[in-house]
Every structure is written in C-alpha cells, then in structure tokens.
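Right, one structure below, let's go through it.
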Amino acid sequence: CGRTTRDYYPDCLRNTRYETLTLCFTHRKAEGGKYLCPSRQFPKGTAQPVLLEESHVAPVKMVKFAPGEASFGLNNGPVGGPTIDGLVTASADGQIRGWTLDPRPICLMRAGLRTGAVPLCVAVTSLTTMTGWDDGHVRCHDNKTGELMWTLPDAHVGGVTAIGVAVGGHFFVTGGVKGEVRVWDSRSRRLISTLKEHCAAVIGVEALGDDVHIVSASRDRSIITWDLIRERRVAQHKQRVGSINAFELSRADGPNSTRMVSVGQDRSLSFWDLMQDKALQVVPGAHAQECTCASLSPHGVLATGSKDQSVKLWDFETGKLLAAEHAHCESVRAVAFSLDGKTLVSGGDDGIVMVWRVDIAN
C-alpha cells in the first residue's frame, strides 16, 4: 500500500472530505485490482474503496481484439451496443478478461478457471470467446457475462495449442500438441475431420476467405495449406531453420489473400506467398532473441514481440524496420492490432498488458 494526496484522487473523490487515501493493491489469484481506500476508519457505509484499475497477476499469454460488433459486459455502452476497441486477454493462471480501451482500459468481462489448467490459445467472435487449454479441452465463454457456455472435452490429447473460426462462423479449427489439425461443426461441436501431417505442436490455424482452405503452422518448421473438401494437403512450405512460433495472414489484399509472414526461433521474419514454393523474403536477425509473436495491421504494419523484451514495427511490403521499443520486463508473449490499426496491445511474462498508439501517417 501507499498513500496519496488530494491532487491524485480520481474525479469521483476529488470533492470529498477525505484528506488522505491509501492506495492498495490486491495480489490474490484472479484479482490484481488497485483500490483507493480512506486511511482512517469511517462509519459503515460512508467510505467505499474505489477501483482505479486492474490487471492480470500472472504471465499474459494471449491478447486478441474482438470483432467490431462484439459487446462485453451487461451494462456496456448505449443500450448495450458494441464495445469500442474490445479486447480479450488471457493469463497463465487461467483467467480471461474482456476489456474496452475507450477512453481507458476498463475490464467488462471476467471468466476463467481455478483448476490449475492453463489457456494456450484464444479465438473471439461477436458473441463468445473460445479458448484451448493444456488439459485438452476447448471452452466457450459468453462475452457479456463471462459464463461458461460449453466445454468440448478431450479435443486434443496433451493440449489444444491453436484455434481459429471460419469466416462464416459455421465451423472452427483446432490444433494440438501432437500435430493434429481438427475441424469441428460450430453448432453441434461434432468432429468433421482430422488432418495429420505435422509432427510437432501446431502453433496456429487460420481459415482463408473461401472457408474451403485453411492454413496451419507448426513447431516442426512447416506451414501447410489444406483443402477441407478433399481433406488433404494442397501446399507445404518449410522454414529453413528453427521452429515457428507465430504466423499472420495478410488481409490487406482482400479475403482471398495468400500472403503471410512467420516468426520463430531463428529470430528472423519470413515472408511467404502460399501460391509460391519459396519464401518471398527473409529478414534475418529481426530480434536479439527468439521471436515469440506477431500481428499484422490492415495498413500493412507488422508488429513482432520477442524474448528480448522488445516490440518492433515493420513494413510488411519491404521488411523495413519502422520502430522499436523496449516494452516489457520479461519476454513479450502476445501482440495484437486493433481493427483500425491505430492501437497495438502487447502482453508479457511480467503480467503487464501495454497499450500503444500507432501513428499510421508516420
């Protein structure tokens, strides 16, 4: 705890009679709140703690912006309209939170487990947040209430490491620790098909715009394009050295875009066109240590994070470095651009979620 004076009171307490308030932090599991409390004891009901802000208390493993029509919290916005800059974060202690970033970060939805299971991947739709866990289950929470809506048990032995939703929403895809890619019906949650060529954990799955082809990447250094109708591989790309930790498809070229970028253990950026056999470009030594995550804005700005604790911005077309910041006190584990590309969020092993404003013009 620490003390603060009237100059630092929030607006709701600026005109109160309390001369000194105590700033208190909660560190118990699933809390992480910061409160202002009166330093002296007052009659019951006359002084209530004021929540200033909250955060995760464990390493933040995932950050993901929600679709523009998504709404978090029961009392969010005018007549429950969409959440402005809606964001989902998940941490290693099993906690999931839905936020608005307008005008400042406010948590509107809380969900998660207290069983010791760890979330490994997340996909956000307009109504729900789907997560894959190290216990092999897929869980789905309501965006408004945080209530657990359903559980898909034993989707993958050893853990669900990747999850993606079809553009049309009628199916979702998961990837597992042992390299399987599985396709599920969204309504019935019935298994449609299993695709197995990866020989290591799948780190990401994405549906292309036609909802007929999907792309998966794995720590075995391979990127595979699958035809869901024929249930077979139609293309495969191989990173030269080091496992892949993340990949991003470019949506700037439209729903049928086939360009993408991958980052991984070799610290480089590899740019690909799924219609061509070899990488279009490789930028070596992008970070001082292993690249852990990536996100691509609609304006062609690529953000990457690394174990070197930095976040960097790159031009997707040229591979040119645009900006670099030493962001976190420990490894950066997740980065995500907002839908308009003007906001970047990063999460790290230090338990911190950082919000960055991106000047698109410069």
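Might you check whether a residue that is in contact with a Phe, Trp or Tyr (Cβ under 9 Å, 6 or more places away or on another chain), closer than 30 Å to Ser186 by Cα and open to solvent by less than 20 Å² (accessible area, probe 1.4 Å) occurs anywhere in the range 280-292? Scanning the range 280-292 turns up no residue that is in contact with a Phe, Trp or Tyr (Cβ under 9 Å, 6 or more places away or on another chain), closer than 30 Å to Ser186 by Cα and open to solvent by less than 20 Å² (accessible area, probe 1.4 Å). Tell me whether the range 314-329 contains one or more residues that are outside any loop (DSSP other than H, G, I, E, B), under 17 Å from the mean Cα position of the chain (by Cα) and of a type outside the set (D, E, K, R). No - not one qualifying residue is present in the range 314-329. With respect to being open to solvent by less than 20 Å² (accessible area, probe 1.4 Å) and closer than 19 Å to Glu197 by Cβ, Ser218 fits the description.
Ala361: farther than 19 Å from Gly68 by Cα and in contact with a strand residue (DSSP E or B) (Cβ under 6 Å, 6 or more places away or on another chain), yes or no? Criteria not met by Ala361.
Can you list the strands (runs of 3 or more DSSP E) lying wholly within the range 78-170 that have 1 or more residues being touching a helix residue (DSSP H, G or I) at 6+ places or on another chain (Cβ under 7 Å) and of a type in the set (Lys, Arg)? Give the derivation first.
Working: elements: 86-91, 95-100, 106-112, 119-124, 128-133, 138-142, 148-152, 160-165.
Per the criteria, no element qualifies.
With the structure loaded, tell me whether Ala70 is among the hydrophobic types (A, V, I, L, M, F, W, C), modelled with pLDDT of 90 or more, under 30 Å from Ala117 (Cβ atoms) and open to solvent by 20 Å² or more (accessible area, probe 1.4 Å) or whether it fails that test. Steps first, please.
Details: among the hydrophobic types (A, V, I, L, M, F, W, C): yes; modelled with pLDDT of 90 or more: yes; under 30 Å from Ala117 (Cβ atoms): yes; open to solvent by 20 Å² or more (accessible area, probe 1.4 Å): no.
No, not satisfied.
Restricting the range 191-211 to residues that are on the phi < 0 side of the Ramachandran plot and out of contact with any strand residue (DSSP E or B) (no Cβ under 7 Å at 6 or more places or on another chain), the residue that is surrounded by the most Cβ atoms within 10 Å (Cβ to Cβ) is Gly209. Among the residues of the range 120-130, is any open to solvent by less than 10 Å² (accessible area, probe 1.4 Å) and on the phi > 0 side of the Ramachandran plot? Looking for residues that are open to solvent by less than 10 Å² (accessible area, probe 1.4 Å) and on the phi > 0 side of the Ramachandran plot, one finds none in the range 120-130, hence no.
The values are calculated or read from the model by the stated rules, or taken from the named source; none is laboratory data. Predicted model only: the values in this text are computed from it and were never measured. Cβ: placed from backbone, ideal geometry, glycine included. Neighbour counts: every protein chain shown. Surface areas here come from the heavy atoms of the whole protein model, side chains and all, with no ligands, DNA or RNA. Shrake-Rupley method; radii C 1.70, N 1.55, O 1.52, S 1.80 Å.
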